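All of the numbers you see were taken from the coordinates with simple rules; none came from a lab. This one's a predicted model, so the numbers in the text were calculated from it and none came from an experiment. All Cβ positions, even for glycine, are placed from backbone atoms using ideal geometry, and neighbour counts span all protein chains on display.
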There are 2 protein chains.
Amino acid sequence: MGSYKKSLQLIIDSLRLLPGIGYKSAERIAYHLLSLEEGQVRTLANSLITARQMICVCSECGGLTASDPCSICSDEWRQRDAICVVESARDIDTIEKSGVFKGLYHSLNGLLNPLQGKGVEQIRINELMFRINNLKVAEVILALSSTVEGEATALYLAGLIAPLNVKVSRLAAGLPAGTSLEVVAPSTLAAALRHRTSFG
Amino acid sequence: MGSYKKSLQLIIDSLRLLPGIGYKSAERIAYHLLSLEEGQVRTLANSLITARQMICVCSECGGLTASDPCSICSDEWRQRDAICVVESARDIDTIEKSGVFKGLYHSLNGLLNPLQGKGVEQIRINELMFRINNLKVAEVILALSSTVEGEATALYLAGLIAPLNVKVSRLAAGLPAGTSLEVVAPSTLAAALRHRTSFG
C-alpha cells in the first residue's frame, strides 16, 4: 500500500503543476489514470511529448509555431506596420479567431509582476522595442488583460513607446457581448459608461 | 501554423479524455505544456507512465495496490466478516480516511448503468458473491453513492444477498442526495458509516 500511495502522489504532484488543476482535480485524474490500461497511459504520455517536440517558439513574435518564423510573421499579406502586444501565445490565437486584426503580433510571454520576480528583463520587452524600431511600426495595440498586472504592464509599455512617435492604443473597456447588466462589475460598467459610443 | 495547430489539437484531444477536463481546461493546459521545456514535458509524461507501471489491481477487493493482494486484504488484523462494497478504488481510500471501518472492502469498479452498457456482468458482482460465500461474511455494507445508479445497484445487491442470511446495511442518510462519494468530507462519511441502517 505504501508504494501504491507513492505512485498516486507522484501523479498528483505532477498534475498539480498544471494551470487550473487543484488537489481534488489532480486526485480525480490520478485515480482515473491508474484505472486505465498501461498502454493507454503510455499513449497519452507519448502524445504530450510528441506534440511538444513538434513545436517551437517563433523568434520574432514569440508565438507557438512548427517552423520559425511562424506563418503570421512570414505572411507577406499581413499589415506590417501594426503590432498587437499580448501576454501569451494563446492570446494570439484568441485574437485571430475574432478576425478583426490583420497586422503582426508580439507575445510578451508574461506580464510585469515584481512580486513573482517578473521584471522588465523577464518578459519580451527588449524584443518588442527592437521590432518597433526596425519595422517602421505606426501603431502598437496593447491587448493585455484588464488585471492589475496587465494594466501596470500596459502603462509601462505606453511610457516606453510614446517618445518614439508611434501611436499606442489599447482594447476598449466595456460590456462583454451577451452579458446581462446585473452580473457586470461596477468598475466594468463605469468604464463602459465612460467610453460610451454614439448609437447608429 | 497548420502543423502547430495539429500538435495543439493532439494534446487537447488527449486531455479531454480525462475526467473533469472540458475543452477550455484542456486548451489552457495544452498551451501551458507547450510553453514548458521539452525536458519538463518528458518528466511529467514519464511520471505518469512510471506511476501506472507500479500499480496493479488487487485480485480480491479490486482496489489499487503495488502488490497483490493489497495491504488491506492481507492484513490479519482487519475484521474479516464484514465487507464494505464501494464503486471504485478511490472510494476505499476515502472511507479509510474516515477511520471508522475496520473490515474488508470490495470495489465493484463501476455501478449498474444499462444506458452506458454496464450490466451485472460488467461490474464485479460475481466476485463479490464469491467472497461473501467463502469468507463467512456476517455483514455487507453498501457504501455506494446516493445517485440513481448507486441506489439501483444497492437495491439489486440487497436482493441478491438477502437470501444468504447475511446482514445488509447501507450508509446512513445524511449523505446529501445526488452527491458522489468523492466530494464528501471524511467527517460526514464517518457519521454516515456509524449510523448505517439495515437495508429494506
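Enumerate the amide H contacts of B:V85 below 5 Å, restricted to partners 5 or more residues apart or on another chain; note that Pro and chain-start residues carry no placed amide H.
B:H106, B:I141, B:L142, B:A143
Would you calculate the volume per residue, in Å³, of the smallest convex hull containing every Cα atom of region B:2-53? Walk me through the numbers on the way to the answer.
Details: hull volume 4.3 nm³, N = 52.
Per-residue hull volume (Cα only) is 83 Å³.
Return the Rg/Rh value of the protein assembly as shown, two decimal places, where both radii are evaluated on C-alpha atoms and Rh is the Kirkwood radius.
1.11
Using only the Cα atoms of chain A, what are the Rg and Dmax in Å?
Final numbers for Rg and Dmax: 21.4, 69 Å.
Considering the alpha-carbon set of region A:40-149 alone, what are its Rg and its Dmax in angstrom?
Looking at region A:40-149, its Cα Rg and Dmax stand at 15.6, 52 Å.
Once you sort the root eigenvalues of the Cα gyration tensor of region B:108-189 as a ≥ b ≥ c, which label holds: rounded (a/c under 1.5), prolate (a/b larger than b/c) or oblate (the other case)? Kindly include the intermediate steps, with their values, before the conclusion.
Details: a/c = 2.04, a/b = 1.24, b/c = 1.64.
Judged from the Cα gyration tensor, region B:108-189 comes out oblate (a/c at least 1.5, b/c at or above a/b).
Sequence-distant or interchain residues sharing an amide H contact under 5 Å with B:V168, placed H: which?
Residues meeting the criterion, in which the H sits 1.01 Å from N, are B:V140, B:F199.
In whole Hz, with x marking every Gly and Pro, tabulate ³J(HN,Hα) for region A:19-32 from phi via Karplus 6.51 cos²θ - 1.76 cosθ + 1.60, θ = phi - 60°.
x, x, 9, x, 5, 4, 5, 4, 5, 4, 5, 4, 4, 4
So for chain A, if I pair up every lysine 8 or more residues apart or on another chain, how many of those pairs have alpha-carbons under 20 Å apart? It would help to have the intermediate numbers written out before the result.
Details: A:K5/A:K24; A:K6/A:K24; A:K102/A:K136; A:K102/A:K167; A:K136/A:K167.
Summing the qualifying lysine pairs gives 5.
Taking amide H positions as placed 1.01 Å from N in the peptide plane, with prolines and chain starts having none, which residues 5 or more places from A:K118, or on another chain, fall under 5 Å of its amide H?
When sequence neighbours closer than 5 places are left aside, the close amide H contacts are A:N113.
Could you tell me how many degrees, from 0 to 90 and to the nearest 10, lie between the Cα long axis of helix B:2-16 and the main elongation axis, the longest principal axis, of the Cα atoms of chain B?
Rounded to the nearest ten degrees, it is 10.
Counting only DSSP beta bridges with both residues in the protein assembly as shown, what percent are antiparallel, rounded to the nearest 5?
Just about 25 percent of them are antiparallel.
Please report, in debye to the nearest 20, how large the charge dipole of the protein assembly as shown is about its Cα centre when each Lys and Arg carries +1 at its beta carbon and each Asp and Glu carries -1 there.
The calculated dipole for the protein assembly as shown is roughly 420 debye.
Net charge near B:E182: determine it from the other residues with C-beta under 11 Å of the C-beta of B:E182, scoring Lys and Arg +1 and Asp and Glu -1.
Taking every Cβ under 11 Å from that of B:E182, the sum is -1.
Using the Karplus equation 6.51 cos²θ - 1.76 cosθ + 1.60 (θ = phi - 60°), what ³J(HN,Hα) coupling, rounded to whole Hz, does each residue of region A:137-143 give in order, writing x for Gly and Pro?
With coefficients 6.51, -1.76 and 1.60, one gets 6, 9, 9, 10, 9, 8, 9 Hz.
Read phi for every residue in region B:93-101 and hand back ³J(HN,Hα) as whole Hz from Karplus 6.51 cos²θ - 1.76 cosθ + 1.60, θ = phi - 60°, with x for Gly and Pro.
4, 4, 5, 4, 5, 6, x, 8, 8
Mind checking B:33-39 for the average number of partner chain beta-carbons within 10 Å of each residue's beta-carbon?
Counting other chains' Cβ atoms within 10 Å and averaging over B:33-39 gives 5.
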